[in-house]
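The values are calculated or read from the model by the stated rules, or taken from the named source; none is laboratory data. These figures come from a predicted structure and were not determined experimentally. Reconstructed Cβ throughout: ideal geometry from the backbone, glycine too, with neighbour counts over all protein chains shown. Keep in mind that these areas ignore ligands, DNA and RNA; they rest on the heavy atoms of the full protein, side chains included. Shrake-Rupley method; radii C 1.70, N 1.55, O 1.52, S 1.80 Å.
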Amino acid sequence: MRNSAQQGFLDKLAREFVRLPGIGQKTAQRLAFHIMKASKDEALRLAEAIREVKEHVTFCVQCRNIAEGELCGICQDPTRDRTTILVVEEPSTLYAIEQSHSYHGLYHVLMGALSPLDGVGPSDIRARELELRVRGGEIREVIIATNPTIEGEATAIYLMKLLKPHGVRVSRIAYGIPVGVDIEYADEVTLTKAIEGRREL
Amino acid sequence: MALITTPAIVLHCRRWGEADRLVSLYTERMGKVRGIARGARRMKSRFGSSLEPFTVLDVTFFDKGQEAQESLVCISQADIREHFPVLREDLGRMMAAASMVNLVLQITVERDPGPKLFTTLREGLRSLQDGADPSLASVVVQLQVLAHSGFRPQFDHCVVCESVPSESTIRFSPRAGGVVCEPCARRSQAACVMLSPGARAYLVQAKRWLVPRVTRLKASGPIRREVEAVLEAYLREILGRRLPSLGQQDPSWAVDPDRQKDRSSTQVMSPALGG
Ligand SMILES: [Zn+2]
Ligand SMILES: [Zn+2]
């Protein structure tokens with residue numbers, strides 16, 4: 001009797017793990033066993049960390065990055081270049097760009113992309129908010145880093161039209177051959193993009 | 001388990017799981033098929049950009065067979081046959097292509113081969129790449145897609161009594177699926193879209209012409225609007241809801257805020273008002 005109750009709790013934990021992205025049935029069971037065998041301290045630290053994230057982490061009111069207050073760390077950082085905004089679809093893209101340490105300006109997360117195929121229009125993403133930030137006056141360049149998908153292209157074209165009249169420089173990150181692969185394996189759309197996006201040496 | 005290779009057009013593509021894509025294809029051999037492309041979102045995926053909407057491919061997939069109706073196939077290879085760069089650069093053309101592809105996506109059932117429909121869609125995308133008027137090309141291709149999938153609208157004579165309407169304004173009944181003469185319209189009490197003789201003549205032509213010739217079809221502003229209104233009302237009737245991006249110039253996409261308020265309305269009239 002007691003044994004089956006314990007298994008019930010363990011199953012319940014495994015079922016929660018299985019709902020996480022990238023976690024299969026086997027991995028979920030291993031994680032659940034790991035938690036069971038871990039010290040009480042260690043296990044409760046995990047529970048506490050999850051609770052804290054849900055209670056204190058929200059989206060930045062200015063750029064929609066993950067934030068622990070009104071503004072995110074990047075928007076609050078006085079050393080960042082406040083004349084440049086880099087536009088991404090999702091906060092996860094912002095994180096990838098931050099890891100590269102190659103950009104030092106501000107961000108704007110659209111929370112999605114325009115999709116003529118799914119009927120997602122400009123009012124469904126944070127385009128108007130971006131226009132308002134640009135109108136504020138301090139911004140000199142907007143770098144668009146939407147995905148090279150049909151949705152990302154539609155979004156980039158739309159933003160270009162929306163922002164150009166405000167007298168800012170609007171650029172788009174380069175798309176083409178990934179670093180570390182042979183050019184001969186690239187498909188024709190990727191190659192077209194890479195040739196279009198070439199630059200003088 | 002069969003391994004199938006066929007020409008196909010990518011209708012829709014969305015994220016699936018961690019790094020995969022769920023792709024809807026219109027294949028030449030099997031009609032509409034949905035499948036998973038494993039790892040397609042990774043930087044060095046073998047699928048590259050081939051699974052982007054509007055691309056014409058040679059695709060290879062594993063099919064679990066007929067009894068597994070509606071089941072997903074597993075896409076193992078996709079080679080680009082034809083791609084249309086202009087459809088990624090021009091919003092108006094992208095929207096027109098989206099309206100063609102969306103109609104095929106919604107009106108067809110899975111695994112029902114339609115080689116004519118395949119050709120019509122491919123020709124339609126080509127015409128947009130080659131500079132055809134996007135809104136007219138979209139209307140004509142959608143009419144032909146309807147015709148190839150069993151929803152051919154009737155413009156030649158009254159769908160009820162087969163008489164040729166002689167009135168100066170012609171009524172199109174979305175419910176009846178074609179034009180109706182005045183007496184039949186009164187009797188059926190169905191809501192109708194009013195058409196000028198010019199718009200009706202255009203619709204008759206649009207159904208007959210081959211898609212490549214569409215590039216040469218011209219229409220004045222009023223005819224254009226009438227034709228679009230007929231198609232929109234008919235699609236709303238048969239699909240039961242509004243398709244995304246049906247209007248070529250959806251006003252909510254306008255950059256100028258004033259134009260966003262100017263939402264064009266379809267003129268659907270009841271027979272009592274129209275007569
Ligand atoms: Zn911020
Ligand atoms: Zn009649």
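What is the ratio of the Cα radius of gyration of the protein assembly as shown to 2.2 N^0.38 Å, where N is its residue count, to two decimals?
With N residues counted in the protein assembly as shown, Rg over 2.2 N^0.38 Å equals 1.16.
What residues in region B:91-118 lose 40 Å² or more of accessible surface when the other protein chains are added to their chain alone (1.4 Å probe)?
B:91, B:94
Net charge within 14 Å of residue A:56 by Cβ-Cβ distance, Lys/Arg positive one each and Asp/Glu negative one each, not counting residue A:56 itself?
Combined, the nearby Lys, Arg, Asp and Glu give -3.
Give the accessible area for residue B:42 in Å² (nearest 10); use a 1.4 Å probe, count only protein heavy atoms, and leave out ligands, DNA and RNA.
Counting only protein heavy atoms, the figure is 150 Å².
Before rounding to the nearest 500, sum -39500 (n - 2.57) across all DSSP H runs of length at least 4 in chain A and divide by the residue total; then give [θ] at 222 nm in deg cm²/dmol.
Mean residue ellipticity, 222 nm, calculated: -14000 deg cm²/dmol.
If one takes the accessible area of chain A alone plus chain B alone and subtracts that of the pair, with a 1.4 Å probe, what total in Å², rounded to the nearest 100, results?
2600
For chain B, find the longest principal axis of its Cα atoms and tell me its angle to the long axis of helix B:221-239, 0 to 90°, nearest 10.
Roughly 70 degrees, rounded to the nearest 10.
Per-residue ellipticity at 222 nm for chain B, helices alone: DSSP H runs ≥ 4 residues times -39500 (n - 2.57), over residue total, nearest 500 deg cm²/dmol?
Using -39500 (n - 2.57) per qualifying helix, the result is -11000 deg cm²/dmol.
Using 10 Å bins from zero, what percent of all Cα-Cα pairs in chain B falls into each bin?
7, 27, 31, 21, 11, 3, 0
Please check: in the Gaussian network model of chain B (C-alpha springs, under 10 Å), which one of B:220, B:45, B:135 has the largest mean-square fluctuation.
B:220
Please give the per residue accessible area of the protein assembly as shown, computed with a probe of 1.4 Å over protein heavy atoms only, in Å².
For the protein assembly as shown, the solvent-accessible area averages 53 Å² per residue.
Report, to two decimal places, the Cα Rg of region A:2-56 normalised by 2.2 N^0.38 Å (N = number of residues).
That works out to 1.20 for region A:2-56.
Got a sec? What order do A:9, B:47 fall in by accessible area at 1.4 Å, biggest, i.e. largest, first?
A:9, B:47
Lone cysteines in chain B, defined as no other cysteine's Cβ under 4.7 Å from theirs: which are they?
B:13, B:74, B:161, B:184, B:192
Could you look at the protein assembly as shown and say what percent of its accessible area is carbon and sulfur, using a 1.4 Å probe and all protein chains?
52
So what are the radius of gyration and Dmax for the Cα set of chain A, in Å?
Rg, Dmax (Cα atoms, Å): 22.2, 75.
Under 8 Å for C-alpha pairs, at least 6 residues apart: give me the relative contact order for chain A, rounded to a whole percent.
Answer for chain A is 12 percent.
Picking from B:219, B:209, B:239, whose Cα lies most toward the positive end of the charge dipole for region B:128-247 (charges on Cβ: Lys, Arg +1; Asp, Glu -1)?
B:239
With angles folded into 0 to 90 degrees, how steeply does helix A:2-18 sit against the dominant principal axis of chain A? Use alpha carbons for both and round to 10.
10
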